[in-house]
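K.L.:
Submitted below is the structure of interest, expressed as C-alpha cells.
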Amino acid sequence: MTTSQADSEALDTIHRLLGSRIRVTMTDGRIASGKFISLDRLGNIMLEDVVEQRWLEYNDEPAADTKDTSLNNKESNSDDSNNNAQQLQHTKDESGVCRWTTERSVTQAVIIGSKVAKVEMMRQELEARLEKIDC
C-alpha cells in the first residue's frame, strides 16, 4: 500500500466518524467529550456540545482558622444556580492529597492538535458507523 492510499483510507475513516460522540484526552490531563464536527490539517479537533473534565490536586494542610473551614464546607454544599455550569466532586486519599473533579459544558471547543494525547469512542458506536457505511 502506498502512502497516498494509506492517507486516503485514513481520511475516509475520519469522514465516517464525523458526527460521532468522541472523548479527547489532552496532554495536561483534561478530558473533553462531545460531537466530532471537524478536523483540520494541523490535527486540531472541533467538538460540539462539549463537557470538559479536569482534576485539581493539592495537599490538605490543617486550617489555622476553623471558621474558614466551616464556611468553605457550607459554600461547597450550597445549591445555587451556578451548579449547572460547573459540577464539583471532592476526594481525599490516605496521604492527605485532595482531588477536585470539575466539569463544565460549552457549546463548541477546539482542541489544539499538539495537545491531543488520546481520542476514544464507544466500540458500539464505532462498529455501527463503520457497518452502516460498508453496507
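K.L.:
What is the set of long-range amide H partners of residue 44 at a cut-off below 5 Å, with H atoms built 1.01 Å from backbone N?
P.N.:
113
K.L.:
Further question: Using amide H atoms built 1.01 Å from N in the peptide plane, name the residues 5+ places from residue 30, or on other chains, whose amide H lies under 5 Å from its own.
P.N.:
Hits under the 5 Å cutoff: none.
K.L.:
Once the Cβ-Cβ distance between residue 99 and residue 40 is put in as r, and R0 is 35 Å, what FRET efficiency do you end up with, to the nearest 0.05? Before the final figure, lay out the partial values.
P.N.:
Details: r = 34 Å, r/R0 = 0.97.
Once the sixth-power term is evaluated, E becomes 0.55.
K.L.:
Evaluate the distance, in nm, between pseudo-label points positioned 7 Å from the Cα of residue 23 and of residue 59 along their respective Cα→Cβ axes.
P.N.:
My value for the distance between the label points is 3.2 nm.
K.L.:
Let me check something: with ligands and nucleic acids excluded, how do 9, 52, 94, 120 order by accessible area (1.4 Å probe), largest to smallest?
P.N.:
Details: 9 100, 52 25, 94 180, 120 60 Å².
The ordering from most to least exposed comes out as 94, 9, 120, 52.
K.L.:
Here is a follow-up. Measuring from a point 7 Å past the Cα of residue 112 along Cα-to-C-beta, which residues in the stretch 14-49 have an amide N at less than 15 Å?
P.N.:
Only 26-30, 42-46 fall inside the zone, counting backbone N under 15 Å.
K.L.:
While we're here: Which sequence of 102, 107, 13 reflects their accessible areas, 1.4 Å probe, from the largest down?
P.N.:
Values: 102 10, 107 105, 13 60 Å².
Result of the area sort, largest leading: 107, 13, 102.
K.L.:
Can you tell me what the convex hull of the Cα atoms of the stretch 1-56 projects to on average, as an area in nm²? Don't jump to the answer; show the numbers that get you there.
P.N.:
Working: hull surface 18.4 nm².
With the hull built on Cα positions only, its mean projection is 4.6 nm².
K.L.:
With a 1.4 Å probe and all protein chains kept in place, how do 112, 45 rank by accessible area, largest first? Write out the running numbers ahead of the final one.
P.N.:
Values: 112 90, 45 15 Å².
Listed by decreasing accessible area, they come as 112, 45.
K.L.:
Residue 51 versus residue 123, label points 7 Å from Cα toward the beta carbon: distance in nm?
P.N.:
Modelled inter-label distance: 2.2 nm.
The values are calculated or read from the model by the stated rules, or taken from the named source; none is laboratory data. These numbers come from a predicted model, not from an experiment. Cβ: placed from backbone, ideal geometry, glycine included. Neighbour counts: every protein chain shown. The accessibility values were calculated without ligands, DNA or RNA, using every heavy atom of the protein model including side chains. Shrake-Rupley method; radii C 1.70, N 1.55, O 1.52, S 1.80 Å.
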